[in-house]
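Have a look at the structure below before the remarks.
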Amino acid sequence: VAADVLITAGGQSALATALRALAPPGAPILVESPTYPGLLAIARASGCRPVPVPVDAEGVRPELLAAAFEATGARVFVCQPLFQNPTGAVLAPGRRAEVLRIARAAGAFVVEDDYARALAHEDAGPLPATLAAEDADGVVVHVRSLTKSTSPSLRVGALAARGPVVDRLRAIQIVDSFFVPRPLQEAALELVGAPAWPRHLRTVAAELRHRREVLAGALRRELPALELPHLPSGGYQLWVRPAGGGDDTAFAAAALRAGVAVAPGRPYFCAEPPGPYVRLSFAGVAGPGELVEAARRLRTGLAEGLGPDA
């Protein structure tokens, strides 16, 4: 119902509100490992202690989640069940109910960051329902945002929850930001209500799929030794391993010298990473042709900067 939804200034603001409402300073919060660095920054700025729970190709591992709750006494778990950033993993059907059961048994909340639902690729197929839709007990606090599917300037998102926690979320939001300006909310409402909105989402889905295929193909041609363990069907990034277990920061530095901006994987882990990873985004380019050129520059730049085995 409408009373269960708070409009926020984008997804980052929604996550900050959720953590401040649900976890007191000094408290542990469970996070996926790896995960979105912006979440780790929010947690640390709020005085919380992020505790990693490993993710594999099917999302968070339930047995490790249960062990982490027991070991830490945490009361919050933040996750991205759909096209997890940075791995692109989708929480497997058999794990969804288990994650909710584990959180419920721990007396904890699950903050579901559903950032990529509007960023599914054209070939993604039917998307799973949100965890919030399967939650009968008010365990899930759901986060959505329009920003990534529209414009960085359209800072409009939403927090949805049920039960007394809504009052806590609202109290924190009033202190932090009071409310999202009405003209911005009206613009967002007009946008999503327009006949062109579904067409825009279809265009985004087709373009993201095309860019994913172009970048993955270019990497296979130019850098065949680069490991691409998972090709996502949503989101806007590839999560890769440098050839031969090379250093991610050296990889990123060599890429930048060649004129290609990539993100080293280390900031995506709140503890020691299990290995070197690099995140390659295919969103912030003018077109697919730039992705082909980027792969060519990476090959040249890495060969010069890291040696012939790069």
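Since every read-out is calculated from the coordinates, none of them should be taken as a lab result. No experiment lies behind these values; they were computed from the predicted model shown. When we count neighbours, we look across all protein chains shown, and the Cβ atoms used for this are built from the backbone with ideal geometry, even at glycine.
Residues within the reach of a label modelled at A2 (point 7 angstrom out along Cα to beta-carbon, backbone nitrogen below 18 Å), restricted to segment 124-161, are 157-161.
What is the distance in Å between the Cα centroid of segment 246-307 and that of segment 118-150? Segment 246-307 and segment 118-150 have Cα centres spaced 29 Å from each other.
Between the helical axis of 248-257 and the longest alpha-carbon principal axis of the chain there is an angle of about 60 degrees.
Using the Karplus relation 6.51 cos²θ - 1.76 cosθ + 1.60 with θ = phi - 60°, the per-residue 3J(HN,Hα) values for segment 133-146 come to 5, 9, 9, 8, 10, x, 7, 8, 10, 9, 10, 9, 8, 8 Hz, with x marking Gly and Pro. Could you give the dipole magnitude of segment 2-193 about its Cα centre, charging the beta-carbon of Lys and Arg +1 and that of Asp and Glu -1, in debye to the nearest 20? About 560 debye.
For the charge dipole of the chain, defined by +1 on Lys and Arg C-beta atoms and -1 on Asp and Glu C-beta atoms about the Cα centroid, which residue among F269, V175, L208 has the Cα displaced farthest towards the positive pole? Of the options given, the answer is V175.
Helix-only mean residue ellipticity at 222 nm, the chain, DSSP H runs n ≥ 4 weighted -39,500 (n - 2.57), per residue, nearest 500. What is it?
Working: 9 runs with 125 residues, N = 310.
Computed ellipticity for the chain at 222 nm equals -13000 deg cm²/dmol.
What residues have an amide H closer than 5 Å to that of R61, excluding those fewer than 5 places away on the same chain, when H is modeled at 1.01 Å from N in the peptide plane? Here the answer is D56, since their amide H atoms fall under 5 Å of that of R61.
Taking R0 as 41 Å, what FRET efficiency do you get between D167 and R101 from their Cβ-Cβ distance, rounded to the nearest 0.05? With R0 = 41 Å, the Cβ-Cβ based efficiency is 0.95. The HN-Hα couplings worked out from phi for segment 153-164 by the Karplus form 6.51 cos²θ - 1.76 cosθ + 1.60 (θ = phi - 60°) are 7, 8, 7, 9, x, 8, 10, 10, 7, 10, x, x Hz, whole numbers, x standing for Gly and Pro. Pick from L189, L30, L298: which residue has the top mean-square fluctuation in a GNM of the chain where Cα pairs under 10 Å get a spring? Of L189, L30, L298, the Gaussian network model singles out L189 as fluctuating most. Between S151 and L189, the distance separating the two model label sites (each 7 Å from Cα on the Cα→Cβ line) works out to 2.0 nm.
To check you understand DSSP bridge types, tell me what percent of the beta bridges within the chain (both residues inside) are antiparallel, rounded to 5. Before the final figure, lay out each step's value.
Values: 18 of 34 bridges.
Bridges in the chain are about 55 percent antiparallel.
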